[in-house]
Each structure stands twice: as C-alpha cells, then as structure tokens.
Ligand code: NDP
C-alpha cells in the first residue's frame, strides 16, 4: 500500500473537545446551587440533591427537591398570572414566544454544552439536533399564538398546566410542553427530571430576559414526589406528561374523575423494518441513528430490528462492521458518536436486560472498541436472532442495545411489528414505494418514517398509539390538546333520573314477567346476530308511569367478552373506503326514517317524550356523520427537511360506548355515528333505563349492510358493564355518558392498557345540540393521527 492509502486506513481521530468553561461559569454564577423559579423569582435553595455529569461522575450543582408547598406556591403564581396572560392578544403572546426563540438561538452553544454535561449526550447531538429543534418549536408556536382564535374558534386555554418531563431530552421535552401551552394562553408549572434539571433552570433565565410576565412559567425541580404533588394538585387544569408507561398509568389513575385534561407521551419498542430491496447501506446508517442516537435512550428508538430473511446474514455482517467504527467517549468531544448514559442506575438496568436477553437465547455482539473507564459508558450492543418471547423483544431497554429478528413476508413483518403493547414509532426501508405505503397504514404507531428515521419537527405531531399514550405534541393536534371548547365550563350537572334508582333496586326476576304468551325479551346483538344473554336473566323496562313496556337481556362479563371479540374481528371496517362507510351510514338513516313512526312510539312509551322529534334528529345525525366520513381527514405537512409528512386520521380501533340515560335513540346514535364514520367498531351499551329503542335498531342494522361485528349491542346495568369494558384489554377507547362516580371509575380502570376516554362526569351534554356535537367534537375523540414521513429527491 502506498503511503496516502495507508494514512486513510490508519488515520485516527484527534481530540476535538468543546470547552465546558462558559457552562461552568454560568453554574458558578449561581454558586452551583439552585432554588425554584416561581412567580418570576428564584426561591432560596431548600433541601437539595446533586446533579452530576454522568461522563465523569462529578457534581455539577445542587438542585432543590421541590415539596408540596413549593408546588402549591408555583400553582398559585401560575393561577394569578393566567387571567392577564390569556387575555393578551395572540400577537402579543406570539412576540414573547418569538423573543424566547431568538434568545435560545443566541445562547444555543451554552445550552448545548450544559445539556451535554448534565445528560451525557454527545455535543454533536445537543448542538445539532436538540437545541435547534427547541428554537424551532418556539418559532413555530409563536405563529400558533397569533392564529389561535382563527384556527380554533370558540376554544379557550385550560388554565394552569402541570408538565412533567423525563431526562432523555431535557430541554427539548420542555420546549414541546411549554411552547404550545403558552401559545394557547395557558400558564405552566413544569418539573424537569431529577437527573437533568439544569437546562430548565437556564431556560428560566431566558424567560426573565424575554421579560415574560411573572408567573407564566414556573419551574419546580424535584423527584417523583414533586411530580406526584403536581398531578394531585386540585388547582391544576391539565397535566402533560412524558415518561415511562408505568408512571403514565399512575398519573391516569391519579387524575381520574378530576376533570383535568391529560396527555401522555409514554414508552416504546419501535420496529425498524428492512425489506430485501432496501438500500442496505442507507438502512444501516439510519439504524445507527435509530438506536445509538442519545445512547438509545429515546422513547421512539428503532430498538427492534426486523430484517427480511433473505438479506439477514449480509445485513448483520455489514451492521457489525459499522458498529466497530462507532466512537464511544467524552460527550464534549465533537467527534464522538456515543456518549454516556444518564446515570449508573441506567447502566445497571441496561446491563441486566442484556444478560437476560442472552440467557433467553439471543446472540450477543459487541464491537471490539475502546470505551472510557469510569463514567456511565456502554458499548453499542446487538442481540440478534431473538424470539418474540424473549424479554428483550418486548421490554423497553432504553439503552444502546439493538434487538434483531427476521421475517419472511410483508404480512409477517406487520404482525411482528405490531406484536407489542407499545405503538410510538416505526421505520420502513424499501425501494418499493407501493410496499412502503401499503405497510405504513398497517403499523399501529403514531409516527412512521419511510427510508429515514428520527425525523422531528414542530409542525408535525408526535405521539403514540396503544400503551405509548395519547395526545400529540407538535402540529395542529398538539395545539388542540392545550385548548378546550368554551362551552364546557357552562355545563350543568345532569339531574338524577329514575335510571339510577331503577338499577340499584334488587329485582325479583318474576316480578315483572311479561304477559302469558310468546316471550318477547329483546336479545343482545353480537357479531351481526341476535344473542341470548349469557346470564339467562332479563331486565324489565318501565315507561314513565311505571308500567312495564318490555324486557331486555341482563348482560354480563361473558356477553361483553363475546361482543369485544366480535368488534375486534370486524376491525377491517377501518380499511373499507370512507365513501363506503358513508354509504352505509346514509342507508342506516334512510332505513330508520322508513320506520320513524314505530321508533317514535317506542320512545314515547319509554320516556313519555316527543318520539317523532328524537327520531328525526337521529336520522339527521346519521346523515351528518355519513357526510363527515370522507371529509374529516388529514393534512400534508412540509417540514424543513426534504420530506413530506402526511398526517393520516385513523380510527382508534374497538370502542366501548355507554350511552346516556336520556334520549333512548339519539343518545346512542349521537355517539355511535361519529365512531363508526371514522372506522371504529363499537360495543354499545344503550340507555340502561330505556334500552328498547336500540334493541329495535337491530332490524335497521340488518337491513342496512352494516358488516357483522361493526356495531354490537349489549343491554344491562351500565355501571357494571362500564367497569368490565374499561378493564378490557381488547377495547381501545371508552366513552361513558353518565354519573360522576362511574366516570371516575371508568377513567381509573382505563389505565390498564392506556385507553383514550371521554366521560361526561355527571354533567349534562345536550347531545341534540347540532352546533356542538355534529362536528369535530366527537370526530376528534374518535380518531388518532399518524404521521408518515416520506423523503423526496433522488
Ligand atoms: P419516569 O416515568 O420515571 O419519569 C418521568 C418524569 O416523571 C420524571 O420527571 C419523574 O421524576 C416523574 N415522576 C416519577 N414518578 C412520578 C409520579 N408518581 N408522579 C408524577 N411524576 C413522576 O421516566 P424516566 O424519567 O425514567 O424516563 C424514561 C422513560 O420515559 C422511558 O420509559 C421512555 O420510554 C419514556 N419517555 C417517553 C417519551 C415519549 O415521548 N413518549 C420521551 C422520553 C421518555 P424524576 O425522574 O425526577 O424522579
């Protein structure tokens, strides 16, 4: 080999350190001790804990462990600041956000260095990814502040938002929370993670410099207990949380029944799918970014590699070669790929999981590269040929560990990809655009990247399906999650009707039996067929004067199980064309209208009210949502990268709907129609007191081409069936219209698989109100947005 060629192969990197001096000077200016930032002022440090540099183990500063009193003081400051802040014009609020964005850009290097020292991530990432995205977020939301009223008419901010964030993207997660909250007109109390509070404290100084009115942003540092004090505080109107699924479930339970808004960004185990026609070298570069970016401590990390079997050996060989060129080292070195994990406890957790994965049959590969001694460093790791049953195939590792398995067909790839309780992100590599766009909608994930990975932008919503949480950050959906309809605060309590008393009264099964002759007890409707109740018992239905007007089956856990199975078997409804769904809803409306008189008489018999008007309103509502089926759709975003991101509006899956006691027909139709229009399948529990209108509805369903299992109807005691449905893992979302106590129970029980919920909390929602309920109010709650990123350019 001649000399130049030799130099190319033997050339090593020299050190390229970024200076920590200015960040250290900033810490020193605070005497390396911090209190909280409350009401525009710094509190005296209280009981503190140390914030350490995970690359060196050296202490950077002492940070105050926030008490419940600290949280209370911050909430009071935010509450006091809210009226003035929310009354500012959007333009005025936007200018503050713009000023913050400019200041972040101005001090971006200081932020990047401090972030790297506090968290351990390579400076290359904090400098080129985290901080620019933070600034972008504030710029983007400066615009939303100004356009809020035009784009979200008749909406108001929640009030005081409690925001809790994790340690993996400390400043970026802060920006994702604070920027939309302020743009919408809320004030905030934010708690950074205990390991990484420092950039949040520097951000507080930026707020001072931007002359943000005091109390609009409050930063309270602390541990889990401080977070719990925020979620439990009675004067907080909305909680936004990013962190583990485990803590997300605790927060879901803690906020149940409080009426607080809630968005949860939780964990993931995202698939990275490589088809045999992929550009392998690009796919490997993408993979490096997917799993070794931020040491793999990324909620959406492409941590499950799925490779098509025909290229598996070649792909793994190339991957191993690439892994051996990765540089692990001082995060402040600009030529380092992998820095330090956040803390020793994280190193121990990851190491244990790797051992487990290998013990359960995975093949371990670690490249023969140097890593610094001391500090929280780990080598990039591959565990290949794992079985789906291996712990590491399903548990989130949250470290630099890639897990690999192979597949043969696209169908198998989709099945493996979706074989997880999570649903945050997914990546697809193929040169076949038809294949990519066929697979993307089939993946149960909130974000799908095609021939690329880890793309983020303020204009594009980010968030999960399934146990990865609900709500979106970024984009219009992200803004929407910090606003609520103006009329919500005027809702009045629902007056208790005879419904509640009827259900709690012990019944003599023979007391109300129908007159001699053929039994006409209405059956359940499950999987397109009428079904007898499993219990063999029936429930009487009384008219307003107390006279018996009919009987229905008394549904139980097994009826629900059957109905959920039928609803899941019919999930293909989501993939029938929106036009087709619209046609079926129109047909339902038409067939209901044919029988208007009969339905009106039945309503009158059950409630004594004007049945004709209710039937007419129900027909109109079916028409309205038939009309929406092919119109409530997504957007194409144009992020700064050379990509488009298509925001697809997708169904939630199998929904449980428990209709209100009043309006036996419209009460059910008003909730079921938007759910069906958007492609959900439904298990409906109609009004407990007056269920006969919906049992009559079977016949309309049967004559309207509604596929079997799309709408299943189980009659019975609403509270009991609500519990079974809320706890059922086969149900993806639950809506309950009824009393406050059951609403609370439904929300708490929904934590099991992190269902999306809507409950009426004992308030009266006048579902006949077309202006409020014939449009996006329920459509938005019946759908979730998936963003599919597609690169362009050769
Ligand atoms: P945790 O859920 O443990 O912590 C997240 C935040 O919640 C921290 O500020 C934490 O405080 C706080 N917290 C802990 N317990 C409670 C409680 N009972 N009530 C209220 N707040 C509480 O997650 P980690 O910080 O360990 O972060 C890692 C996890 O976060 C991973 O599982 C990852 O998947 C997920 N994550 C998800 C993201 C997403 O966008 N979906 C993004 C980033 C991370 P403290 O840490 O101070 O104790």
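The values are calculated or read from the model by the stated rules, or taken from the named source; none is laboratory data. A quick note: this is a predicted structure, and the numbers were derived from the prediction, not measured. Ideal geometry is used to build each Cβ from the backbone, glycine not excepted, and the neighbour counts take in all protein chains shown.
Here 347, 307, 342, 354 are screened, and the one residue that is surrounded by 15 or more Cβ atoms within 10 Å (Cβ to Cβ), within 16 Å of the ligand (Cβ to nearest atom) and outside any loop (DSSP other than H, G, I, E, B) is 347. Scanning the range 379-400 for residues that are within 16 Å of the ligand (Cβ to nearest atom) and surrounded by fewer than 18 Cβ atoms within 10 Å (Cβ to Cβ), we see that the one that is farthest from residue 422 (Cα to Cα) is 391. Taking the criterion of being in a helix (DSSP H, G or I) and either out of contact with any helix residue (DSSP H, G or I) (no Cβ under 7 Å at 6 or more places or on another chain) or away from the ligand (no atom under 15 Å from the Cβ) (or both), the residues of the range 204-227 that qualify are 204, 205, 206, 207, 208, 209, 224, 225, 227. For residue 373, are the conditions met, namely being assigned to a loop (DSSP other than H, G, I, E, B), surrounded by fewer than 18 Cβ atoms within 10 Å (Cβ to Cβ) and without any contact (Cβ under 8 Å) to a residue 12 or more places away in the chain? Spelling it out, residue 373 is indeed assigned to a loop (DSSP other than H, G, I, E, B), surrounded by fewer than 18 Cβ atoms within 10 Å (Cβ to Cβ) and without any contact (Cβ under 8 Å) to a residue 12 or more places away in the chain. Taking the criterion of being in a loop (DSSP other than H, G, I, E, B), within 16 Å of the ligand (Cβ to nearest atom) and more than 30 Å from residue 771 (Cβ to Cβ), would at least one residue in the range 153-165 satisfy it? Yes, the conditions are met somewhere in the range 153-165. Residue count for the range 277-294 satisfying the condition of being assigned to a helix (DSSP H, G or I) and in contact (Cβ under 8 Å) with a residue 40 or more places away in the chain: 11. The test for being under 31 Å from the mean Cα position of the chain (by Cα) and at pLDDT 95 or above holds for residue 347.
Among helices (runs of 4 or more DSSP H) entirely within the range 423-513, having at least 3 residues that are modelled with pLDDT of 95 or more singles out 433-439, 475-480. Note on the range 451-464: among residues that are surrounded by fewer than 24 Cβ atoms within 10 Å (Cβ to Cβ) and away from the ligand (no atom under 14 Å from the Cβ), the one that is nearest to residue 140 (Cα to Cα) is 459. Taken together, 187, 242 contain a single residue that is buried (at least 20 other Cβ atoms within 10 Å of the Cβ), within 14 Å of the ligand (Cβ to nearest atom), at negative phi and modelled with pLDDT of 95 or more, which is 242.
Give 268, 248 a once-over and let me know the one that is part of a loop (DSSP other than H, G, I, E, B), under 18 Å from the mean Cα position of the chain (by Cα) and within 11 Å of the ligand (Cβ to nearest atom).
268
Identify, from the list 200, 179, the residue that is touching a helix residue (DSSP H, G or I) at 6+ places or on another chain (Cβ under 6 Å), assigned to a helix (DSSP H, G or I) and either under 26 Å from residue 155 (Cβ atoms) or within 8 Å of the ligand (Cβ to nearest atom) (or both). Answer to the check: 179. Among the candidates 122, 170, the residue that is under 21 Å from residue 343 (Cβ atoms) and within 13 Å of the ligand (Cβ to nearest atom) is uniquely 170. Every test in (1) assigned to a loop (DSSP other than H, G, I, E, B); (2) touching a residue at least 40 places away in the same chain (Cβ under 8 Å) is passed by residue 239 save one, and that test is (1). Can we say residue 752 is crowded, with 24+ Cβ neighbours inside 10 Å, touching a residue at least 12 places away in the same chain (Cβ under 8 Å) and under 22 Å from residue 559 (Cα atoms)? So residue 752 does not fit the description; no. Here residue 757 fulfils each of the conditions (1) in contact (Cβ under 8 Å) with a residue 60 or more places away in the chain; (2) closer than 27 Å to residue 647 by Cα; (3) not in a loop (DSSP other than H, G, I, E, B) apart from (1). Residue 295 meets each of the listed conditions (1) surrounded by fewer than 22 Cβ atoms within 10 Å (Cβ to Cβ); (2) on the phi > 0 side of the Ramachandran plot apart from (1).
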